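The block underneath contains the structure these notes are about, expressed in structure tokens.
The values are calculated or read from the model by the stated rules, or taken from the named source; none is laboratory data. For clarity, every value in this text was computed on a predicted model and none was experimentally measured. Here the Cβ positions follow ideal geometry from the backbone for every residue, glycine too, while neighbour counts run over all protein chains shown. Only protein heavy atoms, including side chains, enter the accessible area calculation; ligands, DNA and RNA are left aside. Shrake-Rupley method; radii C 1.70, N 1.55, O 1.52, S 1.80 Å.
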Amino acid sequence: YISLFWFLGDDVFMPNKAECQEYVLEEFGIIFAGNKNHISSFGWNFGQFQGDILNICLSIMDRSLYYRQDPVTDVSHRHDPRYLGRVLSAMVNANDDQGVVLGNWSGKYEGGKNPSSWTGSGEILQSWKKSGFKPVKYGQCWVFAAVLTTVLRCLGIPTRTITNFSSAHDADGNLRVDEFYDAEGNHLEKGADSVWNFHVWNESWFTRNDLGPSYSGWQVLDATPQEQSGGIYQCGPASRHAIKEGEVDLDYDGTFVFAEVNADCMYWNYDSATGKKTLIFSKSTEIGDSISTKAVGRDDRVDVTNDYKYEEGSAKERDVFKKARKKLGLEDKFDPTAPRLEEIEQKPDISGKFKVASSLEVGKDLNLLLVLENLQSDAKTVNVNMTAWSTLYTRRRVNQIWKDSISVTLAPKEEKQFPIKIKYPEYQQQLTTDKAIQVTALCHVEDGIQVLVKRNILLDNPAIDIQVLGEAKVNKEVVVEVEFTNPIDTEVKDCVLQVEGSDLLQGILELRIPPLKANEKSSTKFKLIPSEAGPKHLLVNFSCDRFADIKTFKMVNV
């Protein structure tokens, strides 16, 4: 038997035993994804105590730029979780130092694995070692965060993944994100700012002796390479308490993290012929929604938004935002090309929204309603340009799916609904593995200001089911059955089932499944031999030519 003693004087001491179990010892986690209107989740096998993961984690530290530049100083600082977290946030990405994972947000993943196909950190870390420490292809934010969780938990630092919905990437540090649209309603790739459907980073628990006791506790670390800090792609640790209070001048990277959860959004119409931009509207409540993490001891979602900021739109939240701008010297700086304040506050004549009119599932037609309402007491004529694009989860446009234009007259105070149908064959070949579609309607009101209506839509994959056929016991075989039904009216092929789970399987099991005709069900059985008792998690990932990375997990009580 191994007895674990948590030392009260340690910088990473966490007084709650259940939290120690979750954030240090637990090898399974849940990562939240999707968008703020439709939060999804998937399991992840952190596997921090499997095989030679500890040796690999030590190798990561020995290959950092910090170690290569000054080995003696680097080693002497490895007792400090603040230092270690910053070093490892750089080393988990490959941008500066031949680190563990190479990022790829192009939508094309030749020569490597689609980031969505990973189900655990072990395969990534083992691949990095076996290749002679060459970056593993490819990762996106949740992969970087999951690998960093594995490494930090392995080293005894309490760590968890955090998902921020409608997450801002403020490239110029002005706490404002600018989005541009053309006259047709197409979202333009102009400027370095962006808003992602979601972004995943880490929190680690330790004291901040450099800042003072009130800034100890959860610290934000982010291994996704977005902006350089100190000349390399690293981020944090930023005290979560400092972020909530607008203390953006404190170490490290407080400005960037504050903007991720609380930047203001400015939406512009841009004329590429003249270079003129016209403000459509601004919004201070768009960024940082439903900030989520896994519950302690349960497979549920916990909302931690209030730990990052005061209630959105409240006087306190606005005061903190102004405080942050003041600390950055921005309180009196405005964009000279922006409209005057009275123009910004001009009220629109109409309002609009997209409503979902049917289930949002891959393989089915997409049915929406564009709802327009005249807010004025006189009739309004509106010319509407609509588009739908497949996007990555970063909202980068990939393929145009559909477009249409309508001209409508709205009687005083009238509301009208306009049905939109995008058929499965129209979007099937255009959809990315993120299964995300952005629909926009740019409404040109005669003798009025423009109104932008947009919605980011996430399509669900069909379900996959796991059953454990019998009682799971240590060193005894138990059969597992996985079932999948093809929901579309055409055959699916190139079907692959990938299975992993700490203490349930050695490595990853990959099974080929024959093609499935329309509405045909597949039943795949395989055997497990658990190596340890207790609650364990089995993770399954199913892919075929029409559906990518259908994930599920099941708790197996051994």
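Quick notes
- Tail beyond 22 Å, pair distance distribution of segment 398-477 (Cα, percent): 53 percent
- In this entry, the chain is assigned a mean projected area of 27.6 nm², taken as a quarter of its C-alpha convex hull surface.
- Gain in span if fully extended, A315 to S351, counting 0.36 nm per residue against the direct Cα distance: 10.4 nm
- Its residue count N fixes a reference of 2.2 N^0.38 Å for segment 75-130, and the Cα radius of gyration divided by that reference is 1.35.
- Global geometry of segment 10-123, whether rounded, prolate or oblate, following the gyration tensor of its Cα atoms and the 1.5 cut on a/c: oblate
- Largest to smallest accessible area among F49, F133 [probe 1.4 Å]: F49, F133
- Rule-of-thumb Rg ratio for segment 98-224 [Cα; 2.2 N^0.38 Å; N residues]: 1.26
- Checking the Cα-Cα distances for K108/K435; K527/K554; K190/K277; K380/K413; K36/K316; K283/K380 against a 18 Å cut-off, the pairs over it are K36/K316; K283/K380.
- Gain upon complete extension [L469, K283; 0.36 nm per residue less C-alpha separation]: 61.7 nm
- Quotient of C-alpha Rg and 2.2 N^0.38 Å, computed over segment 259-299: 1.93
- Estimated FRET transfer efficiency when R0 is 25 angstrom, pair Q428-D182 (beta carbons, to 0.05): 0.45
- When a 1.4 Å probe is rolled over the protein heavy atoms, the share of accessible surface on segment 4-328 that falls to carbon and sulfur comes to 49 percent.
- Beyond 20 Å, the tail of the calculated P(r) for segment 152-227 holds 50 percent of the Cα pairs.
- Using a probe of 1.4 angstrom and keeping all protein chains present, the accessible surface of segment 390-528 works out to 49 square angstrom per residue.
- Here segment 348-458 yields Rg over Rh of 1.01, to two decimals, using C-alpha coordinates and the Kirkwood radius.
- Computed lengthening from I406 to S358, 0.36 nm per intervening residue step minus Cα-Cα distance: 15.1 nm
- Checking every one of the GluC sites (Glu not before Pro) in segment 475-558 against DSSP loop status and a limit of 12 other Cβ atoms within 10 Å picks out E477, E532.
- Translational D in µm²/s for segment 464-557 (Stokes-Einstein at 20 °C, 1.002 mPa s, Kirkwood Rh from C-alpha pairs): 156 µm²/s
- In order through segment 216-233: 3J(HN,Hα) via Karplus (6.51 cos²θ - 1.76 cosθ + 1.60), integer Hz, x for Gly, Pro: 7, x, 6, 10, 7, 10, 9, 8, 5, x, 10, 9, 6, 9, x, x, 9, 7
- Förster radius 41 Å - calculated FRET efficiency between K416 and L330 (Cβ-Cβ, nearest 0.05): 0.45
- In angstrom, the C-alpha Rg and Dmax of segment 4-328 are 19.7, 68.
- Model label points for V72 and L369, set 7 angstrom from Cα along the Cα-to-Cβ axis, are 7.4 nm apart.
- Taking the longest Cα principal axis of the chain as reference, the axis of helix 81-91 is set at about 70 degrees.
- T485 versus D80: modelled label distance in nm, points set 7 Å from Cα along the beta carbon direction: 5.9 nm
- Of Y427, Q450, N374, farthest towards positive along the dipole that unit charges on Lys, Arg, Asp, Glu beta carbons give segment 348-458: Y427
- Hypothetical label at S40: residues of segment 415-454 whose amide nitrogen lies under 20 Å (7 Å Cα-Cβ projection): 422-440
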